[in-house]
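Notes for the one structure printed next.
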Amino acid sequence: MRQIANPPNPFESRHRELLEPVGSPQLRVYGEQTREILSRNDSPDLPFRWSLNPYRGCFHACAYCYARPTHEYWGFGAGTDFESKIVVKEDAPRLLRQHLEKPGWGGDLILFSGNTDCYQPIEAEYGLTRACLQVCAEYRNPVAIITKGALILRDLDVLMQLQHEAWLMVYFSIPFSSDEMARKVEPQAPSTTKRFSAMKTLADAGISTGISIAPIIPGLNDDMIADLLDRAHEAGACTATSSLLRLSGSVEPVFLDRMRQAFPERIGKITSRLREVRSGALTERRFFHRQVGQGTYWEMIERFVALSKRRAGFSDDQAMNIPRTFRRPGGEQVSLF
């Protein structure tokens, strides 16, 4: 069976198509020299302004990952390249400290991460996420984390410091209640069971946690929402969020190709349901529309999510007030002269 390794890169003038089955790609690590580590988000429908990505690409290989096209900016592909050619920003901790020392920095929330999983396996060797979190703890800068990585438990000491001295929220991305289904869609990510276990460990330690059911894939995992919310609340999560699948750019051919192979009996239902909630299209790029659907079926999903949240024990009002805790080291010292 022929498989799409990497869709044509729109930034490249030439494209080579593989005519034989794709084997398991070998992991390659690249270093990057950059002058800034914080990325400013200007999208009006996202709840954060600043994100920090210690790595580019993600070994977890989630078929639906919306960040895949960003790999194309660097001459890589959005398919197997995204999960096998990982870029490491080795200077991230120093650059973060340098940014927090800027006079104009006021301690805004920093999200780890917007376009990669900061706790993917390569973090075990490079430790860039831990080092950057230590900088945030030193400056008491509020932090939010979204991850699938059970490796986060390694950094419990730093997380507790952030929780006590600044502000911290850890979201676990868990879109499937079945380990078997998750393995087919997120082949190299920790199992659903391990993610819930990590969530419970953090919550038991006093860390604020939440579940992100993202993406909701109509026809595949929409019937798992209630179970996911129940398990998250039992594991100590204090908040829950969700969003609809996005298939922007090269994500679409990668996702559809992998779903045809993993779920040949379901692919027709998946695409039919997607078109039903996207007014006949497979995706939506407009702000405030790209993460939600429309129509009768989507309204039913939204009502089901709201009802399942209440039944699980989540509050309807989950607004968060992030305190202004930022301070530079030594800033509280008073001169004796």
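Bear in mind these aren't lab numbers, they're just calculated from the coordinates by the rules spelled out. Note that the structure is predicted; figures quoted are calculated from it, not measured. So basically every Cβ, Gly included, is an ideal-geometry build from the backbone, and we count neighbours across all protein chains shown.
I'd like to compare 297-303, 47-53: which one has the highest average count of other Cβ atoms within 10 Å, and what's the full order after that?
Taking the mean over residues of other Cβ atoms within 10 Å, the ranking is 47-53, 297-303.
What full-extension length gain, to one decimal in nm, is calculated for Thr34 and Arg154 as 0.36 nm per residue of separation minus the Cα-Cα distance?
Taking Thr34 through Arg154 to full extension adds about 40.5 nm, to one decimal.
How far apart, in nm, are the 7 Å Cα→Cβ label points at Arg285 and Glu265?
Result: 3.7 nm between the two label points.
Could you work out Rg/(2.2 N^0.38 Å) for segment 14-127, with Rg from alpha carbons only?
So the Cα radius of gyration is 1.18 times the expected 2.2 N^0.38 Å.
Given 0.36 nm per residue, what is the gain on full extension from Glu165 to Trp50 after removing their alpha carbon distance, in nm?
Extending this stretch completely gives an extra 39.4 nm.
With θ taken as phi - 60° and the coefficients 6.51, -1.76 and 1.60, list the Karplus ³J(HN,Hα) couplings across segment 236-253 in order, rounded to whole Hz; mark glycine and proline as x.
Here the 3J(HN,Hα) series is x, 5, 9, 8, 8, 9, 7, 7, 7, 4, 10, 10, 6, x, 6, 4, 4, x Hz.
Determine, for each peptide in 269-279, 120-130, 306-316, the mean count of other beta carbons within 10 angstrom over its residues, then list the peptides with the highest first.
Packing proxy ranking, top to bottom: 120-130, 269-279, 306-316.
Long-range amide H contacts for Leu168: which residues qualify at under 5 Å (H placed 1.01 Å from N, peptide plane, sequence gap of 5 or more or a different chain)?
Distant-sequence amide H within range of Leu168: Val143.
Tell me which residues come under 5 Å, amide H to amide H, from Ile146 once H is placed; ignore anything under 5 positions away on its chain.
For Ile146, whose amide H was placed from the backbone, the distant partners under 5 Å are Phe112, Ser113, Tyr171.
Applying a 10 Å radius around every beta-carbon, put 289-295, 31-37 in order of their mean neighbour count, most first.
The peptides rank, most packed first, as 289-295, 31-37.
Quick one: 3J(HN,Hα) in Hz for segment 161-178, Karplus 6.51/-1.76/1.60 with θ = phi - 60°, rounded, Gly and Pro as x.
Calculated HN-Hα couplings, in order: 5, 5, 4, 7, 9, 9, 8, 8, 9, 10, 9, 9, 7, 9, x, 10, 7, 9 Hz.
Positive end of the dipole of the chain, charges at C-beta (+1 Lys, Arg; -1 Asp, Glu), about the Cα centre: which of Ile225, Gly79, Thr201 has its Cα farthest in that direction?
Towards the positive end, the residue furthest out is Gly79.
Report the per residue volume, in Å³, of the convex hull enclosing the C-alpha atoms of segment 224-299.
Convex hull of Cα atoms, per residue: 126 Å³.
³J(HN,Hα) across segment 71-87 via Karplus (A = 6.51, B = -1.76, C = 1.60, θ = phi - 60°), whole Hz, x for Gly/Pro?
Going residue by residue, I get 5, 5, 4, 9, x, 9, x, 8, x, 5, 4, 4, 9, 10, 10, 9, 9 Hz, with x marking Gly and Pro.
Quick check on the chain: what does the Kirkwood estimate of hydrodynamic radius come out to from the alpha carbon pairs, in Å?
For the chain, inverting the mean 1/r across all distinct Cα pairs yields 21.0 Å.
Could you check how many percent of all C-alpha pairs in segment 184-234 are farther apart than 17 Å?
41 percent
Roughly how many debye, to the nearest 20, is the charge dipole of the chain about its Cα centre, given +1 on each Lys and Arg Cβ, -1 on each Asp and Glu Cβ, and no other charges?
Dipole of the chain, to the nearest 20 debye: 380 debye.
So what's the gap between the Cα centers of segment 37-77 and segment 270-301, to the nearest angstrom?
Segment 37-77 and segment 270-301 have Cα centres spaced 22 Å from each other.
Measure nothing but the geometry: give the 0 to 90° angle between the long axis through the Cα atoms of 192-204 and the longest principal axis through the Cα atoms of the chain, rounded to 10°.
On a 0 to 90 degree scale, this one is about 20.
So what is the diffusion coefficient of segment 99-189 in µm² per second by Stokes-Einstein at 37 °C and 0.692 mPa s, using a Kirkwood Rh over Cα pairs?
231 µm²/s
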